[in-house]
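Colleague: Encoded as structure tokens, here's the structure I'll be asking about.
The values are calculated or read from the model by the stated rules, or taken from the named source; none is laboratory data. Just so we're clear, the structure is a prediction, and the values are computed from it rather than from any experiment. Cβ placement follows ideal geometry from the backbone for every residue including glycine, while neighbour counts extend to all protein chains displayed. The accessibility values were calculated without ligands, DNA or RNA, using every heavy atom of the protein model including side chains. Shrake-Rupley method; radii C 1.70, N 1.55, O 1.52, S 1.80 Å.
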Amino acid sequence: MAVPRNALKKWEKVREFALGLPGAVEEFPWGESVAKVNKKVFVFLGVQDGSYPLGVTVKLKDETAHAHALSSPGAEPAGYGLGKSGWVSVPLERPGAPAAEMLCDWVEESYRVIAPKRLIAELDEG
């Protein structure tokens with residue numbers, strides 16, 4: 001199944017942004033791409049091969065951002081009980097899906113929730 005081009009472009013921008021954050025690394029547990037900081041996941045990027053719909057999962061503690069993310073078409077609290085901790089899964093292929101800039105804002109917020117203070121300070125200096 002082909003991944004829609006605009007969704008793939010958004011995904012690539014979000015991945016590049018996430019991996020550009022201080023201390024971020026990409027790993028592939030469960031065969032899916034994730035971005036980690038300090039050995040902890042701050043964004044689940046899933047797979048880009050078309051075997052699953054393209055999307056991102058972020059942890060949003062800010063109530064406004066969390067509500068906004070959940071209002072995206074098809075968005076839902078993340079599975080495996082992660083939704084109870086503020087994780088939201090946002091599909092990228094649906095009409096009306098958030099723009100890459102909004103997704104990057106959410107990735108940054110998720111990073112700030114997970115990252116150690118010294119890396120957040122480094123981000124703020126940049």
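Colleague: Given the pairs 9/59; 10/59; 9/39; 9/61; 13/36; 13/117, which are separated by over 20 angstrom at their Cα positions?
Modeller: 9/59; 9/39; 9/61; 13/117
Colleague: Right, here's the next one. Set the Förster distance to 22 Å, then compute FRET efficiency between residue 64 and residue 5 from the Cβ-Cβ distance, nearest 0.05.
Modeller: Once the sixth-power term is evaluated, E becomes 0.10.
Colleague: If you place +1 on the Cβ of every Lys and Arg, -1 on the Cβ of every Asp and Glu, and leave all else neutral, what size is the dipole of region 33-75 about its Cα centre, to the nearest 20 Debye?
Modeller: It works out to roughly 280 debye.
Colleague: Could you tell me the relative contact order of the chain? Use alpha-carbon pairs under 8 Å, at least six residues apart, and round to a whole percent.
Modeller: Answer for the chain is 27 percent.
Colleague: Using a 1.4 angstrom probe on the protein heavy atoms only, could you order 42, 28, 17 from most to least accessible area?
Modeller: Largest accessible area first, the residues go 28, 17, 42.
Colleague: In a shell of Cβ-Cβ distance under 13 Å around residue 28, excluding residue 28 itself, what net charge do Lys and Arg (+1) and Asp and Glu (-1) give?
Modeller: That sum, taken over residues with Cβ under 13 Å, equals -2.
Colleague: Next question. How long are the semi-axes of the equivalent ellipsoid of the chain, defined as square roots of 5 times the Cα gyration tensor eigenvalues? Whole Å, largest first.
Modeller: 22, 16, 14
Colleague: Under the definition of Cα pairs under 8 Å and six or more residues apart, what whole-number percent is the relative contact order of region 6-79?
Modeller: Averaging sequence separation for qualifying contacts and normalising by length gives 19 percent for region 6-79.
Colleague: Which percent of the accessible area of the chain is formed by carbon and sulfur heavy atoms (probe 1.4 angstrom)?
Modeller: 52
Colleague: Nearest 20 debye, what's the magnitude of the dipole of the chain about its Cα centre given +1 on Lys and Arg Cβ and -1 on Asp and Glu Cβ?
Modeller: 220
Colleague: While we're here: Rolling a 1.4 Å sphere over the protein heavy atoms, what is the accessible area per residue of region 71-126, to the nearest Å²?
Modeller: I get 55 Å² per residue for region 71-126.
Colleague: Quickly rank 103-110, 114-121, 85-92 as a protection proxy: mean count of other C-beta atoms within 10 Å, highest first.
Modeller: In decreasing order of mean packing, 103-110, 114-121, 85-92 become 103-110, 85-92, 114-121.
Colleague: If I model a spin label as a point 7 Å beyond the Cα along the Cα-Cβ vector, how far apart are those points for residue 51 and residue 39 in nm?
Modeller: The modelled label-to-label distance comes out at 2.8 nm.
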